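Shown next, in structure tokens, is the structure this report addresses.
The values are calculated or read from the model by the stated rules, or taken from the named source; none is laboratory data. Small disclaimer: the values here were computed from a predicted structure and weren't measured. Positions of Cβ are backbone-derived with ideal geometry, glycine not excepted, and every protein chain shown enters the neighbour counts. Heavy atoms of the whole protein, side chains included, go into the accessibility calculation; ligands, DNA and RNA do not. Shrake-Rupley method; radii C 1.70, N 1.55, O 1.52, S 1.80 Å.
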Amino acid sequence: MSVQLNSLVSYLDELLSSNEISDYCPNGLQVEGTSTVKNIVTGVTASQALIDTAITMKADAILVHHGYFWKGERQPITGMKKTRIKALLDNDISLIGYHLPLDVHPQLGNNAQLGKLLGVDNIEPVSGVKPKGVLMRGTLAEACTHQAFASRIENVLGREALGECVNDKPISSIAWCTGGGQGFIEQAVEAGVDAFVTGEVSEQTIHVARECGIHFFSAGHHATERYGVKALGEHLSEHLDVSVQFVDIPNPA
Ligand SMILES: [Zn+2]
């Protein structure tokens with residue numbers, strides 16, 4: 001039971017159409033390890049804790065949403081970055097990362113998965129927002145109060161959301177963007193939905209919510225982005241001859 005590293009990466013590149021999406025980091029193979037892959041560990045972020053767990057689990061590759069080499073970051077491989085990359089290379093473990101391509105994939109993406117978990121119907125991308133699928137919209141079968149929707153998020157994600165209840169209007173339509181998507185609140189307002197859900201919050205997000213009358217929920221960057229890479233891993237174990245395990249390294253942010 002194994003797959004060649006280069007065929008695994010080509011399979012993922014094609015599945016996620018990664019060449020068609022411009023991003024803030026390289027998508028695909030970021031650090032090269034052994035050429036034969038039997039065990040893959042998936043996780044949200046290629047932190048030291050995830051690498052250490054992957055070493056214990058004898059992984060040949062780590063597949064993540066948040067990899068390395070972000071635009072604007074310091075380039076030298078020193079300090080924390082050196083320790084992480086050395087651990088990967090010493091253990092012959094590849095690092096494979098997909099950022100925006102894994103947010104926007106229509107079935108396996110973070111946005112698609114979160115919409116499904118929250119029980120949203122009529123899911124579609126908000127038109128005109130690029131890349132397509134980074135901001136999604138949909139409707140709820142039954143309109144609910146701000147508090148009821150906050151409880152739904154808490155049940156699904158296992159953590160409380162920071163919410164801003166802006167009026168008595170029930171919520172029947174929502175837009176969402178997982179992770180650090182708070183900047184999309186204005187496009188959510190333009191889309192005319194009742195509520196906007198994302199991972200993070202900025203000080204100004206609350207003012208936009210209040211002044212534009214849109215219910216707001218920040219449910220955690222990590223918590224909202226666990227499900228894309230998890231679904232991608234499940235897809236790989238169904239379609240390729242590899243064993244895949246998702247490892248959650250909790251993060252309150
Ligand atoms: Zn993210």
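Between Tyr11 and Ser172, the C-beta separation translates, for a Förster distance of 51 Å, into a calculated FRET efficiency of about 0.80. Note on region 69-129 and region 216-236: Cα centroid distance 10 Å, given to the nearest whole angstrom. Measuring nothing but how far apart in sequence close Cα pairs (under 8 Å, 6+ apart) lie, relative to its length, the chain scores a relative contact order of 21 percent.
Contour minus end-to-end for His239 and Glu73, with contour as 0.36 nm per residue of separation and end-to-end as the Cα-Cα distance?
On the way: separation 166, 0.36 × 166 = 59.76 nm, distance 3.53 nm.
Length gained between His239 and Glu73: 56.2 nm.
How large is ³J(HN,Hα), in whole Hz, for each residue of region 41-54 in order, when computed from phi with the Karplus curve 6.51 cos²θ - 1.76 cosθ + 1.60 and θ = phi - 60°, using x for Gly and Pro? Rounded to whole hertz, the list is 9, 10, x, 6, 10, 7, 7, 4, 4, 5, 4, 4, 5, 4. The aspartates and glutamates whose alpha-carbon is closer than 15 Å to the alpha-carbon of Lys71, local same-chain residues fewer than 8 away aside, are Asp23.
Dipole of region 154-202 computed with +1 at Lys/Arg Cβ and -1 at Asp/Glu Cβ about the Cα centre; of Asn167, Ala191, Asn155, farthest Cα towards the positive end is Asn155. Taking Cα atoms only, the orientation of helix 79-90 departs from the longest principal axis of the chain by about 50 degrees. Among the lysines, which have Cα under 23 Å from the Cα of Lys58 when same-chain residues fewer than 8 positions away are ignored? Leaving aside lysines fewer than 8 places away in the same chain, those within reach of Lys58 are Lys38, Lys81, Lys82, Lys86, Lys230. The residues of the chain expose on average 47 square angstrom of accessible surface per residue, using a 1.4 Å probe on protein heavy atoms.
Share of carbon and sulfur in the accessible area of the chain stands at 49%, probe radius 1.4 Å.
How would you classify region 114-209 from its alpha-carbon gyration tensor, with a ≥ b ≥ c the square roots of the eigenvalues: rounded for a/c under 1.5, else prolate if a/b is greater than b/c, otherwise oblate?
Numbers: a/c = 1.32, a/b = 1.13, b/c = 1.16.
Rounded, because the longest to shortest axis ratio a/c is under 1.5.
Between Lys82 and Gln107, full extension at 0.36 nm per residue minus the direct alpha carbon distance yields a gain of 5.5 nm.
Looking at the square roots a ≥ b ≥ c of the eigenvalues of the Cα gyration tensor of region 3-98, which shape do they give, rounded for a/c under 1.5, prolate if a/b is larger than b/c, or oblate? Spell out each step's value before the answer.
Details: a/c = 1.84, a/b = 1.05, b/c = 1.76.
Oblate shape, in that a/c is at least 1.5 and b/c is the bigger or equal ratio.
Here the label points at Ser47 and Glu124, each 7 Å from Cα along the C-beta direction, are separated by 3.9 nm in the simple model.
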